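To start, the structure under review is shown below, and the notes come after it.
Quick note: the coordinates plus some simple rules give every number you see, no bench work behind them. A quick note: this is a predicted structure, and the numbers were derived from the prediction, not measured. Neighbour counts are summed over all protein chains in view; Cβ atoms, including those assigned to glycine, are modelled from backbone coordinates with ideal geometry.
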């Protein structure tokens, strides 16, 4: 493995003013579409709904890592993660999530995981 190439890119994404999904099927479809868009392979999707208006939490477990979603309808907020290893591009997955949830404001933090030139 190339010492200068990080094994994974992790996006931490905050959506405000987004469409709040209400059904687990809707979230599963969205997570699967995001994974497919970046060429990742879905191993399993695990979701949990907290009842009417109570939000949804879930993760698409990928061969290349994961995509997760956690909603807070009462705060008009959705937190998402996209973590992909290898040369997979996170941009297509982020576009699917933006298109599907239509946030008014987006904040993205990017972390290169496993890249440490000074390790001992």
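Tabulated data for the structure shown
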read-out	value
Computed Kirkwood radius, in angstrom, where 1/r is averaged over Cα pairs of the range 9-75	12.4
Gain in span if fully extended, residue 99 to residue 41, counting 0.36 nm per residue against the direct Cα distance	18.8 nm
MRE, 222 nm, helices only [DSSP H, n ≥ 4, -39500 (n - 2.57), over the chain, to nearest 500]	-6500 deg cm²/dmol
Label selected from (i) 15; (ii) 20; (iii) 26, the criterion being percent of Cα pairs over 24 Å apart as computed here	(iii)
Crossing angle, helix 91-101 versus the chain [Cα axis fit, 0-90 degrees, rounded to tens]	10
Relative contact order computed over the range 8-110 (Cα-Cα under 8 Å; 6+ residues apart), in percent	42
Separation of alpha-carbon centers, the range 31-50 and the range 66-94, rounded to whole Å	10
Förster-model FRET efficiency, 25 Å R0, residue 89 and residue 29, C-beta, rounded to 0.05	0.75
